[in-house]
Amino acid sequence: MPHSTSYILHSTLKCKFYILHFTFYILFAFVMMSCTKSTSPKTGSLSGRVILVNDTGDPSLDPGDFSGVTVALYELAVLDTTIVRINQEYPQIGVQISQETEFDHRLQNPIKTVQSSADGTFLIDGITVGKYNLVIFKNGWSIKYSYQIDIADGSKTVTTCMQPIELYPLRVMPSVMHDDYVFRSNRTYIFDTDAHVLSDVLIEGSTLILIGSGKRVDFHGQVQKQQETTLSRVTAASSMYSINMQASIDYFLKINFSSTSNVDISGLIFSYSHDGLAFSSSGVSLQNVLIANTTNSLTILGNSTSIEALLMRDSSNRGIIVQGQLALSKSILYNNHDACFLSESDTEINNNYIIKNYIGVRPFYGTNVINNNCFDRNENAIAPCASAPSIFDNVFLQNNKDIELNGYYVQSSVDYCNPIVENNNFLGNGWYVHIMGRNSVYSDGSRVIPGVNQNQIYPNNYLLASDLQSHIYDANNPDSGPNVSHLVIFAPRRHSPVNNAGIQLW
């Protein structure tokens with residue numbers, strides 16, 4: 001082979017080698033860039049300005065500057081999937097939960113925190129793209145929540161800018177209030193002593209009312225909460241000015257309404273109280289109210305009380321205690337011990353979703369009508385004690401006991417149950433009726449008292465199970481024992497479900 005030909009061939013091979021080598025590095029660089037881009041989260045920034053506004057007329061509260069305001073960014077609260085499902089299936093009942101109802105900054109740690117500068121401006125950098133809740137506060141001033149702030153992709157220096165936010169001085173309420181009073185929007189109020197409000201009160205939307213640990217507030221005049229799209233909040237003052245997640249929150253005692261005038265409350269979030277809301281007045285109306293994390297939630301002592309669109313959850317003792325007159329409808333009672341305790345009362349309970357309580361409804365004497373409700377996954381859906389409620393057109397799903405009948409010792413004798421049970425759908429796999437009650441009032445489950453002293457005849461009900469022996473605890477049950485001598489007879493028995501049973505609000 002000629003020398004020139006050999007040189008050309010060698011040069012060509014060498015060129016191809018360098019081209020292949022260069023191509024490999026280019027491909028490797030692209031791969032690395034792709035990996036870096038895919039594994040690095042996109043981030044953005046949030047900026048805004050806080051203005052401290054003294055609207056009290058007291059010049060001593062005028063701010064020197066706008067510095068020292070805490071701005072804390074939080075992940076969104078996780079919505080309870082059970083309530084979300086019920087909200088979607090029955091949008092006409094209860095409260096539609098959202099970040100506004102579920103977010104409480106005391107239950108989370110912030111992901112980022114900054115302080116405002118002297119002119120009130122703030123900037124939070126390096127926020128992973130997504131939606132967040134924001135809490136803004138300063139000791140001695142109001143607390144402001146902003147929900148679902150959308151942080152955009154900051155790869156091109158995108159900053160989410162907020163409109164100026166106004167904070168107002170914290171109102172410390174006196175122990176006695178004589179003059180009519182308006183709780184204004186976007187203000188924060190605190191009762192740090194027991195208080196008596198002798199005047200009439202109006203509560204606007206987006207109001208925050210804080211109550212000190214173990215304290216109570218008594219309203220003696222007319223109380224009205226405006227029906228607005230934004231909710232107001234009454235909660236324990238415990239740790240509200242802290243950014244750190246709290247292991248526990250100190251409950252306040254209660255709010256008591258003893259007015260002879262109207263009490264009309266709509267659009268309220270109420271939480272962290274031992275004895276909740278107590279009404280000794282008549283003509284009370286509650287609508288679109290959420291009550292959570294209490295020992296007892298509602299005590300009804302007066303007549304003509306109407307509760308509609310209530311979401312009550314996580315009452316560790318008793319949710320609603322009725323010793324007067326109550327109409328309860330379009331509500332969700334969820335994860336309480338006794339969701340509804342009817343003590344010698346006159347009540348109507350209809351079109352409610354009652355779920356995951358130890359006892360859904362516990363009638364004790366009185367005149368009680370329970371119809372068109374859905375009972376789902378309660379330990380005891382309805383547990384009458386010495387009473388004869390009318391139970392009809394309800395749907396019983398997967399409860400352990402749909403109806404448990406309890407006797408009640410009165411000196412040396414026992415008072416028994418004899419309810420009317422008609423046109424219900426029993427669709428679960430537990431006990432449809434259990435006549436040997438373990439939940440007699442004031443016995444705390446420690447004393448088993450038979451609930452009936454005569455056979456029970458419950459006509460026109462639909463029962464899913466074909467063989468009822470393992471679903472009815474009466475004298476026919478092989479495990480009943482000698483103390484159970486009466487029968488539960490579902491005759492005549494329906495062969496198809498009741499069409500109008502359950503919640504009827506279409």
Expressed in angstrom and rounded, the centroid-to-centroid distance over alpha carbons for the stretch 74-95 and the stretch 372-408 is 25 Å
Inter-probe distance in nm under a simple model that places probes 7 Å from Cα toward Cβ, at Ser258 and Asp314: 3.1 nm
Gyration tensor (Cα) of the stretch 315-418, equivalent ellipsoid semi-axes in angstrom: 20, 15, 13
Just add up the charged neighbours of Ile349: K/R +1, D/E -1, any other residue whose Cβ is under 13 Å from the Cβ of Ile349. -2
Coordinate range along principal axes, alpha carbons of the stretch 343-482, Å, largest first: 39, 37, 26
The stretch 198-254 to the stretch 132-155: how many Å between their Cα centroids? 21 Å
P(r) of the stretch 170-494 over all Cα-Cα pairs, binned every 10 Å from zero, in whole percent: 6, 26, 30, 19, 12, 6, 1
Full-extension gain in nm, His495 to Asp150, via 0.36 nm per residue minus C-alpha separation: 118.8 nm
Ranking Asn288, Met240, Ile359 by how far each Cα lies towards the positive end of the charge dipole of the stretch 170-494 (+1 on Lys and Arg Cβ, -1 on Asp and Glu Cβ), the top one is Met240
Could you sort out which of Lys131/Lys225; Lys131/Lys254; Lys215/Lys330; Lys330/Lys356 sit more than 26 Å apart by Cα distance in this structure? Lys131/Lys225; Lys131/Lys254; Lys215/Lys330
Which peptide among 162-172, 127-137 comes first, and what is the full order, when sorted by highest mean count of other Cβ atoms within 10 Å? 127-137, 162-172
Using only alpha carbon pairs under 8 Å that are at least six residues apart, calculate the relative contact order of the chain and give it in whole percent. 8 percent
Cβ crowding within 10 Å averaged over residues, with 99-109, 428-438, 402-412 ranked highest first: 428-438, 402-412, 99-109
Quick check: the angle from helix 3-39's long axis to the longest principal axis of the chain, C-alpha only, nearest 10 degrees? 30 degrees
What order, most packed first, do the peptides 282-294, 371-383, 81-93 have when packing is the mean number of other Cβ atoms within 10 Å of each residue? 371-383, 282-294, 81-93
Please list the non-local residues whose amide H lies under 5 Å from the amide H of Gln148, H modeled 1.01 Å from N, same-chain partners needing a gap of 5 or more. Tyr132, Asn133, Leu134
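We did not get these values from a lab; they are worked out from the coordinates using the rules stated. No experiment lies behind these values; they were computed from the predicted model shown. Heads up, the Cβs are rebuilt from the backbone with ideal geometry, glycines too, and the neighbour counts pull from every protein chain shown.
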